[in-house]
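Structure record follows, encoded as structure tokens.
The values are calculated or read from the model by the stated rules, or taken from the named source; none is laboratory data. For clarity, every value in this text was computed on a predicted model and none was experimentally measured. Neighbour counts run over all protein chains shown; Cβ positions are idealised from the backbone, glycine included.
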Amino acid sequence: MSKQIKTDSGNLLGIPATDKNVISEHLNQLLADQHVLYIKMRNFHWNLVGPSFVEVHEFIEKLYNLIALQIDEVAERIQQLGYAAAGSMSEFLKRAQLKESSGGKKEQTFAVKELAEDSDTMARNMRKMIGDITEGYDDPGTVDILTKLLQTQEKNAWMLRRYLG
Ligand SMILES: [Fe+2]
């Protein structure tokens, strides 16, 4: 696990410093997975092949535009907690749980299945994070952000699975 960089000290937001450290670590982990998923979606959007190319290509574009907005929310929440958001591909890869996919032709069923599984993994991780923060720390602001992101992730996972029959 990478060491976190603190950007502010003191009792910011009324949340104890040790709590903010743990919560920011969770959020940096999420930020890393979001970036891996974002790049994978761009990759699949470009390299997709299959009979429903236009539809899946456009749907994946919608998904990566959504993730781009979510990335910003998570990174800015980390700043609000007084820590630095990870910012390089090497930092993201060190922290991420999701696996990258190299370029090259991606058959549409493979691509959709992979994105559905990653969305499920993201949703499971977010749910666990929400549980940990709710039980251990007093930070409903972060929990609220994560809950909204989770709802979107669950919807994406459902829509992706529908392509698979
Ligand atoms: Fe495009």
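One line per residue, one yes/no per condition, for (1) of a type in the set (A, V, I, L, M); (2) within 22 Å of residue 19 (Cα to Cα); (3) at pLDDT 95 or above:
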site	(1), (2), (3)
82	no, yes, no
85	yes, yes, yes
97	no, no, yes
104	no, no, yes
109	no, no, yes
113	no, no, yes
126	yes, yes, yes
130	yes, yes, yes
136	no, yes, no
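Quick one: which of 19, 72 is at pLDDT 95 or above and assigned to a helix (DSSP H, G or I)? Walk me through how you get there before you give the answer.
Values: 19 fails: at pLDDT 95 or above.
So the residue among 19, 72 that is at pLDDT 95 or above and assigned to a helix (DSSP H, G or I) is 72.
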- [ ] Quick one: in region 36-92, of everything that is polar (S, T, N, Q) and within 25 Å of residue 24 (Cβ to Cβ), which residue is farthest from the ligand (Cβ to nearest atom)?
- [x] 80
- [ ] State yes or no: is residue 132 surrounded by fewer than 19 Cβ atoms within 10 Å (Cβ to Cβ) and either closer than 21 Å to residue 70 by Cα or β-branched (Val, Ile, Thr) (or both)?
- [x] yes
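Yes/no matrix, rows are residues, columns are (1) of a type in the set (Gly, Ala, Ser); (2) under 18 Å from residue 24 (Cβ atoms):
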residue: 113; (1), (2): no, no
residue: 129; (1), (2): no, yes
residue: 133; (1), (2): no, yes
residue: 141; (1), (2): yes, yes
residue: 148; (1), (2): no, no
residue: 163; (1), (2): no, no
Open item on the list: One residue is enough: does region 46-56 have a residue meeting the conditions modelled with pLDDT of 95 or more, among the polar types (S, T, N, Q) and within 21 Å of residue 152 (Cα to Cα)?
Closed with: no
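Of 160, 66, 115, 149, which residue is out of contact with any Leu (no Cβ under 9 Å at 6 or more places or on another chain), of a type outside the set (Phe, Trp, Tyr) and part of a helix (DSSP H, G or I)? Talk me through it step by step, then tell me what you get.
Working: 160 fails: out of contact with any Leu (no Cβ under 9 Å at 6 or more places or on another chain); 115 fails: out of contact with any Leu (no Cβ under 9 Å at 6 or more places or on another chain); 149 fails: out of contact with any Leu (no Cβ under 9 Å at 6 or more places or on another chain).
Only one candidate passes the filter, namely 66.
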